[in-house]
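To start, the structure under review is shown below, and the notes come after it.
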Amino acid sequence: MGTAKMADRAAGAETLAVRVEAADLPAPGIRAFRLVDAEGGLLPGFAPGAHVQVRIPPGPGRGDTERWRSYSLMNLDPASNPDGGPVREYRIAVRREADGHGGSRYMHDELRVGDALTLRPPTNHFPLEAPPEVLLIAGGIGVTPIASMAAALVAQHRPFRLHYAGRSRMLLAFVDELRALAGERLHLHADDEPDTRLSVDALLAAATPGQPIYVCGPAGMIDAVLTTAERLGWPRAALHYELFSEAAPLVGDQPFEVELKSSGRVLQVPADRSVLDVLIDAGADTLYDCRSGFCGLCSTAVVSGEIDHRDTYLSQAEQAGGKVMQVCVSRCKSGRLVLDL
C-alpha cells in the first residue's frame with residue numbers, strides 16, 4: 001500500500017511471475033497498475049483486504065539487496081467475485097513516496113508497460129468479516145483495500161457507507177469508479193473544503209456504537225478513528241484497520257546496538273533505520289509484513305534491554321512485560337537490545 005510488507009523466508013518462497021499490462025495516473029502522485037500472469041494464465045483469487053508483495057530489485061537509491069513492498073489488491077467490480085476463484089488480473093495503486101526507501105520511486109519512475117514483476121501470492125491481514133451495517137473509512141491511497149470491501153458488500157447486498165478523505169478533491173483517486181459502484185453510499189471529504197472536511201467526531205457520533213468499522217489510511221486518521229470510537233463505546237473487536245504507510249523515524253531518535261543471542265553478533269542500528277532493516281541486511285531470518293507495527297509478524301523475543309514500543313499490535317501488558325517487540329517500528333532506550341535470534 002504504499003506500504004511495505006511480509007517476510008522473506010527466501011529460499012524456495014512461492015512467487016508469481018506477472019507482467020504489467022497497463023498503467024495510468026488516476027490522481028496526482030498515484031500510479032495504478034493492471035498486472036496479468038506472465039504466461040497468460042489465471043492468478044490466485046483474493047478476498048477483500050488482501051495485498052500482494054512486489055519484489056523491488058536492487059538499484060540506485062534502493063540499496064544493494066532486493067526488497068519486498070506490499071500493495072493492496074483493488075477490485076471495483078462486484079461481479080468479479082475475487083474470493084470465489086482465480087482472476088485474470090490484479091489491480092494495485094502506488095503513491096510516490098519521495099522520502100521512502102525507493103520502492104515507490106521504482107514503481108513510478110522505472111516500471112513500464114510490458115515489464116515483468118515478481119509477486120508473492122495474496123495475503124490478508126485485513127479481512128472483511130463483520131455483519132452489516134458496515135462503516136468504511138478511507139484516507140488517500142488507503143482507499144484501495146476499502147474499495148474491494150465496498151465491491152464485496154455490493155455483491156452481497158449488504159448495507160454500508162463509504163467515507164473517502166484526502167487533502168483536496170483533486171487528490172482523490174478512482175472517484176468515478178467508486179461513485180458508479182457505491183452511488184449515494186459514497187461520501188467524499190476534502191481537507192481544503194470546510195463543507196466536506198472529514199470530522200471523525202461528527203461521523204462517529206452519528207453512527208451506531210458497535211457497528212463494524214473498517215479504516216485504512218494515514219496513521220493520524222486511523223488513530224483519530226480508533227480513539228474516538230473507543231471513547232464513544234465501540235468494542236475493540238468492532239474496529240478493523242490497516243495502516244497504509246511505513247513508520248518514519250522520529251526527531252530525537254538515537255542509534256543503538258542489537259545483539260543476536262545465538263551468535264553473539266552485534267549490529268549497529270542507525271537513528272534513521274529500523275531494527276528490521278538492519279536484521280534483513282545482516283541476513284537474519286526475520287518474518288515481517290506491515291512495517292507499521294500492527295500485523296504482529298515481526299514479533300521478536302527480547303532477552304535484555306529496555307524497549308521503546310511504538311507498535312499497535314502488543315497489548316499494554318505485553319509492552320510493559322518487556323519480553324517481546326515489533327522490530328519493524330520499536331526501538332531501544334538502553335543502548336543495547338539482546339534479541340533471541
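Miscellaneous remarks
- Within region 312-341, residues that are at positive phi have Cβ atoms under 6 Å from residues that are part of a strand (DSSP E or B) in these pairs: 322/307; 335/256, counting only partners at least 6 apart in sequence or on another chain.
- Filter result (surrounded by fewer than 17 Cβ atoms within 10 Å (Cβ to Cβ) and either of a type in the set (S, T, N, Q) or in contact with a strand residue (DSSP E or B) (Cβ under 9 Å, 6 or more places away or on another chain) (or both)) within region 309-341: 315, 316, 318, 322, 323, 333, 334, 335, 336, 340
- Residue within region 82-93 that is modelled with pLDDT under 90, surrounded by fewer than 22 Cβ atoms within 10 Å (Cβ to Cβ) and at negative phi present: yes
- Flag if residue 217 is under 22 Å from the mean Cα position of the chain (by Cα), open to solvent by less than 80 Å² (accessible area, probe 1.4 Å) and on the phi > 0 side of the Ramachandran plot: yes
- The condition (being more than 22 Å from residue 124 (Cα to Cα) and not in a loop (DSSP other than H, G, I, E, B)) is satisfied by just one residue among 271, 320: 320.
- Looking only at region 28-67, and only at residues there that are crowded, with 21+ Cβ neighbours inside 10 Å and aliphatic (A, V, I, L, M), the one that is nearest to residue 94 (Cα to Cα): 30
- Set 188, 198: member being within 25 Å of residue 25 (Cβ to Cβ), touching a Phe, Trp or Tyr at 6+ places or on another chain (Cβ under 6 Å), in contact (Cβ under 8 Å) with a residue 12 or more places away in the chain and not in a helix (DSSP H, G or I): 188
- Scanning region 131-165 for residues that are open to solvent by 10 Å² or more (accessible area, probe 1.4 Å) and touching a helix residue (DSSP H, G or I) at 6+ places or on another chain (Cβ under 6 Å), we see that the one that is modelled with the highest pLDDT is 161.
- Which numbered condition residue 216 misses (of (1) under 30 Å from residue 163 (Cβ atoms); (2) in contact with a Cys (Cβ under 6 Å, 6 or more places away or on another chain)): (2)
- Some residue of region 70-78 being open to solvent by 20 Å² or more (accessible area, probe 1.4 Å), modelled with pLDDT of 80 or more, part of a helix (DSSP H, G or I) and out of contact with any Cys (no Cβ under 6 Å at 6 or more places or on another chain): yes
- For region 228-249, filtered to residues that are among the aliphatic types (A, V, I, L, M) and within 15 Å of residue 208 (Cα to Cα), the residue that is modelled with the lowest pLDDT is 237.
- Of the listed requirements (1) at pLDDT 95 or above; (2) closer than 22 Å to residue 126 by Cα, residue 221 misses just one: (1).
- Subset tally (residues that are in contact with a Gly (Cβ under 7 Å, 6 or more places away or on another chain) and at positive phi) for region 138-159: 1
- Lone unmet requirement of (1) over 21 Å from the mean Cα position of the chain (by Cα); (2) under 18 Å from residue 239 (Cα atoms); (3) of a type in the set (A, V, I, L, M); (4) open to solvent by 10 Å² or more (accessible area, probe 1.4 Å) for residue 128: (1)
- If you go through region 282-317 and keep only what is under 22 Å from the mean Cα position of the chain (by Cα) and either in a helix (DSSP H, G or I) or among the aliphatic types (A, V, I, L, M) (or both), you end up with 287, 297, 314.
- Only a single item in (1) assigned to a helix (DSSP H, G or I); (2) surrounded by 14 or more Cβ atoms within 10 Å (Cβ to Cβ) is not met by residue 170, and it is number (2).
- Test: residue in region 111-124 that is closer than 30 Å to residue 234 by Cα and outside any strand (DSSP E or B): yes
- Residue 225, sole failed condition from (1) of a type outside the set (Gly, Ala, Ser); (2) out of contact with any helix residue (DSSP H, G or I) (no Cβ under 6 Å at 6 or more places or on another chain); (3) crowded, with 18+ Cβ neighbours inside 10 Å; (4) in a helix (DSSP H, G or I): (2)
- Among the residues of region 263-291, the ones that are buried (at least 17 other Cβ atoms within 10 Å of the Cβ) and over 19 Å from residue 333 (Cα atoms) come to 7 in all.
The values are calculated or read from the model by the stated rules, or taken from the named source; none is laboratory data. Predicted model, so just to flag it, every value in this text is computed and none were measured. Don't worry about glycine lacking a Cβ; one is built from the backbone with ideal geometry, like all the others, and counts go over all protein chains shown. The area values use the complete protein model at the heavy-atom level, side chains included, leaving out ligands, DNA and RNA. Shrake-Rupley method; radii C 1.70, N 1.55, O 1.52, S 1.80 Å.
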